[in-house]
Amino acid sequence: MYRVELPRLGTFDAWRNHARTLALGGARAEEVEWTLEGEAPGLFGGAAPPTPRPDAVLNVPKSFPDLARQVCASREPGVFFLLYRLLLRLSSEPRLLSNRADADVQRAEEIAKNIRRDMHKMKAFVRFRKVPGENTGRRQFLSWFEPDHRIEELVAGFFSRRFSDMDWAIVTPEVTTTLRNGVLEQRAIPSAPLSLEDETEELWRTYYANIFNPARLKTKAMQAEMPKKYWKNLPEAALIPGLIADAENRMRQIQESAPTLPPLRAERILHRLPEASAESTPPADSLNALTAQMKGCSLCPLYENATQVVPGAGPEDATLMIVGEQPGDKEDLAGRPFIGPAGQAFDAVAREVGLNRQATYVTNAVKHFKFQPRGKRRIHQSPNTSEVNHCRWWLDREIAQVKPKLLIALGATAALALTGNGKNITRRRGTVEQGTAGIPVFITVHPAFLLRQASDASRDAETARFREDLRTVAAMVSALEADTATSITADGPGQ
Amino acid sequence: MGKMNLQQKLALLSDAAKYDASCASSGTTKRNSADGKGLGSTEGSGICHAYAPDGRCISLLKILMTNFCIYDCAYCVNRVSSNVERARFSVEEVVHLTTEFYRRNYIEGLFLSSGIIRSPDQTMSDMVRIARELRQTHNFRGYIHLKTIPDASPELIEEAGLLADRLSMNIELPTDAGIKTYAPEKNPDEIRRAMSNVRLRKEEAKETSHTGKRAPKFAPAGQSTQLIVGADGADDRTILQSSIRLYSSYKLKRVYYSAFSPIPDSTAKLPLIKPPLAREHRLYQADWLLRFYGFDAAEIAPDAGSGMLDLDIDPKLAWALANRGSFPVDVNTASRDLLLRVPGLGTKSVSRILAARRSGSLGYDDLRRLGALVKKAKPFISTRDWHPGRLTDTANLRARFAPPPEQLQLF
């Protein structure tokens, strides 16, 4: 039989040193009697510790020391024995700790869980009281607390990291922890309960009483989290019985008191406020006015889920208008078109062919983002014909305002909106059709189509075809602008 | 009316703040004061320092800067047409309360909200000033949650996000129509746009600049909102659809549900009923299923039916009972996704099952040791030594779980 006495402070470190020696020396779990300093020693004196066998090695999984440190703090009987047995089993069952169905593991985890709860409650329910007197620059606070287990060492770090610019002491029946001038110290000294007071407690009690909602009385829920054993050290706890007793009364009073007339100033204040719903609607004589009108659009149900209308953007006298499908996730959040992944893909190709996006007007066939929420993400959904038709109200007005010489339809939805036909895009791409607005429409794919390609090879091939399309467009735009320039010169400068 | 002292103001302005359910102080960056130059720390999970008799955790000093308000939201105790007494804290008073409470270990930090005074910008800038004072003058490193005024200017929201751990904007009513009726001065479009901006700003802060430097963290504990349950006619399906839209669109950390509870000097427009606490509880359970269990809003509150969650049994059990064809699930072979759908198995016990079954086939008692609620799971699982047989399909299965019907009163 080996007898090991562990100290009150530094318990885990001592246990680890002894356990290592014993395990390496081949001591079985039943051969070790673990006691804590101050406990009555066993009937038999212990044998000298075994000498480690030369071939013995001791490996434990990374999670074991943390588990053991917590279990060592428990006052449950047999915890040191349990830990030692787990340690021995780990050498033949390295994956043991991941098996919560094992009785030893389950027991150790349950004990550790209680320790964590005890630690958590100590962090929560310690109440510092200001110590009046000598003014040394650092303010001084004192606290009395009775934890269930030997957790003082496990929580000391928390308090010293949090309260470092003041001096404090936390006194428990067995250990006194102090922080003085930034130096943390723990001593195992028995103490009797301290009776303390602090005038700030009156303010704290005021807060506690008023943050309580008497309409939601749930005393069981409170006691599950703040058991009565802690109440004696909590300045606010003395109020609890009164608050509970009075709750029903207060509710009755609220219910029975008749509604009052609003104070006089209410009407005066409300009168001054602009009503949120009644935004003034300027006439649609400029692009800005059109954009403002679009804001509250509810022509189709898409507005219900989207963040905002995403109007087109670009110069009012653009030669080229680019029409996409609808705003995506990014566009919906920022309120600007063509800034998400597809917009960036478009920009990259446009730059290569010398198409200046800043000089073009970009917009979408549908102005609200249509999506399906899936967990934390929004999955894009194509707008249907009815939504496209409703939103043509806005697209037609944008076209009428900007009067572009050429339109590009990016993908089926844009083609549908601009030509009335959204079918067979792959066959129609690269061609110019007469749009419903009487303006030529160049048809091509949507840049998102490039991003959807599964292989690098097909993405490269599709990007190349798209580049050719945009090159054609760039050439058309230059020709159109040269035309305009000639006609202006021919007509002479206007008055 | 004489001048109020600090204690009187605190009573009034904490009473006015208690209808906001949020109290979280978790999930922000890790900070501490080990350098001896500041006050406070945040270490991952927050701490509830007290519980009120309403069962709610008290983690933060939750107060209004002022309860003066120019808006007239029907459900709110601080609406302009209410006759409640009004008060306003000075910057110094809020700072004093926060730091003195913090030093005594009463709180994790401050949750500052406010009525709208004069203008949204004026209100927001006063709140930002308090946060700035705490962080910069007093080196306060605890948790700060700032209520954001949606119409405030972007520069103010920017500074708020750099000072605070969490920002929140309360939608309160799940539909735009509800907002129009009960909170006519609020603009739901503006709230959504403001939430978008916070999300975009947060994402921006995560990207490293070309110099490889990290931008300062923006609202590291994210943004949240609150929906009131039972004030307007919105059903649970509408509320959950609203939540899932908010989670997916603006990456909210939390949507809080707050059972509408009678307020002093209430308007005649709203019911003075007992707050629907059971309904609120079921909505929280459903919310968890949406976020951590892979459920879809349409599965939990299907289009067919009343649009309300079952108050007698939890939404996961209700789903399982309505979809018995998917059960029993073999705990020794089923995937995580399937296990997560079993009533009585939570995310933790599912992880433990997946880890433990590598060490050998699991039996019924093993599940109990793993922390599963076996009584609940029993009809829906099979193990090495248990098969529910026809139990899964028995007609009275629901009755095993639902509370017994209340006996009618004789009179």
- Task: Please find, within the range B:98-127, the residue that is farthest from the other protein chains (Cβ to nearest Cβ) out of those that are of a type in the set (A, V, I, L, M), crowded, with 24+ Cβ neighbours inside 10 Å and outside any strand (DSSP E or B).
- Result: B:MET127
- Any chance you could count how many residues in the range A:52-84 are more than 22 Å from A:PRO7 (Cβ to Cβ), of a type outside the set (A, V, I, L, M, F, W, C) and in contact with a helix residue (DSSP H, G or I) (Cβ under 9 Å, 6 or more places away or on another chain)? 5
- Message: Taking the conditions exactly as written (within 20 Å of A:LEU302 (Cα to Cα) and in a loop (DSSP other than H, G, I, E, B)), does A:SER382 satisfy them or not?
- Response: yes
- Message: Based on this model, can you work out whether A:VAL309 counts as crowded, with 20+ Cβ neighbours inside 10 Å, assigned to a loop (DSSP other than H, G, I, E, B), in contact (Cβ under 8 Å) with a residue 12 or more places away in the chain and not small (Gly, Ala, Ser)?
- Response: yes
- Message: I'd like the full set of residues that are in contact with a helix residue (DSSP H, G or I) (Cβ under 6 Å, 6 or more places away or on another chain) and over 21 Å from A:GLU201 (Cα atoms), limited to the range B:22-53.
- Response: B:ASN32, B:ALA34, B:SER41
- Message: Please return the ranges of strands (runs of 3 or more DSSP E) entirely within the range A:390-489 where 2 or more residues are β-branched (Val, Ile, Thr) and touching a helix residue (DSSP H, G or I) at 6+ places or on another chain (Cβ under 9 Å).
- Response: A:440-444
- Query: Taking the range B:204-251 as the search range and keeping residues that are assigned to a helix (DSSP H, G or I) and modelled with pLDDT under 90, which one is nearest to the other protein chains (Cβ to nearest Cβ)?
  - Reply: B:GLU204
- Query: Does the range B:252-275 hold any residues that are assigned to a loop (DSSP other than H, G, I, E, B), touching a strand residue (DSSP E or B) at 6+ places or on another chain (Cβ under 8 Å) and either charged (D, E, K, R) or more than 7 Å from every other protein chain (Cβ to nearest Cβ) (or both), and which are they?
  - Reply: B:LEU252, B:LYS253, B:PHE260
- For the range B:243-257, what are the residues that are of a type in the set (S, T, N, Q) and crowded, with 23+ Cβ neighbours inside 10 Å? B:SER243, B:SER249
- Task: Give the number of residues within the range A:146-169 that are more than 10 Å from chain B (Cβ to nearest Cβ), out of contact with any helix residue (DSSP H, G or I) (no Cβ under 6 Å at 6 or more places or on another chain) and surrounded by 21 or more Cβ atoms within 10 Å (Cβ to Cβ).
- Result: 2
- Would you say A:SER74 is in a loop (DSSP other than H, G, I, E, B), within 41 Å of the chain's Cα centre (by Cα) and not assigned by TED's automatic domain parsing to the domain that holds A:THR177? yes
- Query: How many residues, within the range A:421-434, are surrounded by 12 or more Cβ atoms within 10 Å (Cβ to Cβ), within 47 Å of the chain's Cα centre (by Cα) and farther than 17 Å from A:ARG467 by Cα?
  - Reply: 2
- Item | Unmet criterion (only one of (1) crowded, with 21+ Cβ neighbours inside 10 Å; (2) over 20 Å from B:GLY27 (Cα atoms)) for B:GLY212 | (1)
- Task: Specify the residue that is modelled with the lowest pLDDT; the eligible residues are those in the range B:33-68 that are in contact with a Lys or Arg (Cβ under 6 Å, 6 or more places away or on another chain) and aliphatic (A, V, I, L, M).
- Result: B:ALA34
- Item | Options A:GLU39, A:GLU109, A:GLU5, A:GLU33: the member that is within 30 Å of A:VAL155 (Cβ to Cβ) and at pLDDT 95 or above | A:GLU109
- Message: Condition first: among the aromatic types (Phe, Trp, Tyr) and either over 20 Å from B:ASN396 (Cβ atoms) or within 10 Å of chain A (Cβ to nearest Cβ) (or both). Now tell me which residues in the range B:317-374 satisfy that.
- Response: B:TYR364
- Residue hits (the range B:10-30; more than 9 Å from chain A (Cβ to nearest Cβ) and either in contact with a Lys or Arg (Cβ under 8 Å, 6 or more places away or on another chain) or β-branched (Val, Ile, Thr) (or both)) are B:ASP20, B:ALA21, B:SER22, B:CYS23, B:ALA24, B:GLY27, B:THR28, B:THR29
- Query: Do we have A:GLU197 as acidic (Asp, Glu), within 14 Å of chain B (Cβ to nearest Cβ), more than 33 Å from the chain's Cα centre (by Cα) and not in a loop (DSSP other than H, G, I, E, B) here?
  - Reply: no
- Note on the structure: A careful count of residues in the range A:241-270 that are free of Cβ contacts under 8 Å to residues at least 12 places away in the same chain, over 14 Å from B:LEU272 (Cα atoms) and facing another protein chain (nearest Cβ under 7 Å) gives 6
- Of the criteria (1) free of Cβ contacts under 8 Å to residues at least 60 places away in the same chain; (2) buried (at least 24 other Cβ atoms within 10 Å of the Cβ); (3) within 10 Å of chain A (Cβ to nearest Cβ), which one B:ALA34 fails: (2)
- Query: Given the residues B:LEU227, B:LEU272, B:LEU311, which is the only one that is free of Cβ contacts under 8 Å to residues at least 40 places away in the same chain, within 28 Å of B:SER81 (Cβ to Cβ) and not basic (Lys, Arg)?
  - Reply: B:LEU272
- Item | Count of the range A:215-238 residues which are more than 33 Å from the chain's Cα centre (by Cα), without any contact (Cβ under 8 Å) to a residue 40 or more places away in the chain and within 9 Å of chain B (Cβ to nearest Cβ) | 1
- Message: Checking A:ARG117 against (1) surrounded by 17 or more Cβ atoms within 10 Å (Cβ to Cβ); (2) out of contact with any Leu (no Cβ under 6 Å at 6 or more places or on another chain); (3) more than 8 Å from chain B (Cβ to nearest Cβ); (4) more than 30 Å from B:SER361 (Cβ to Cβ): exactly one of these is not met. Which one?
- Response: (1)
- Query: For residues in the range B:291-348 being in a helix (DSSP H, G or I) and basic (Lys, Arg), which is surrounded by the most Cβ atoms within 10 Å (Cβ to Cβ)?
  - Reply: B:LYS316
- Task: Could you figure out which of (1) exposed (fewer than 15 other Cβ atoms within 10 Å of the Cβ); (2) touching a Gly at 6+ places or on another chain (Cβ under 9 Å) isn't true of A:SER195?
- Result: (2)
- Note on the structure: A:PHE212 fails exactly one of (1) more than 7 Å from chain B (Cβ to nearest Cβ); (2) of a type in the set (Phe, Trp, Tyr); (3) touching an Asp or Glu at 6+ places or on another chain (Cβ under 7 Å), namely (1)
- Mind checking whether some residue in the range B:42-54 is at the interface with chain A (Cβ under 8 Å from one of its Cβ atoms), out of contact with any Phe, Trp or Tyr (no Cβ under 8 Å at 6 or more places or on another chain) and more than 22 Å from B:GLU100 (Cα to Cα)? no
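The values are calculated or read from the model by the stated rules, or taken from the named source; none is laboratory data. Only a predicted model underlies this, so the values are computations on that prediction, with no experimental measurement involved. Using ideal geometry, Cβ is built from the backbone for each residue, glycine included, and neighbour counts are taken over all protein chains shown.
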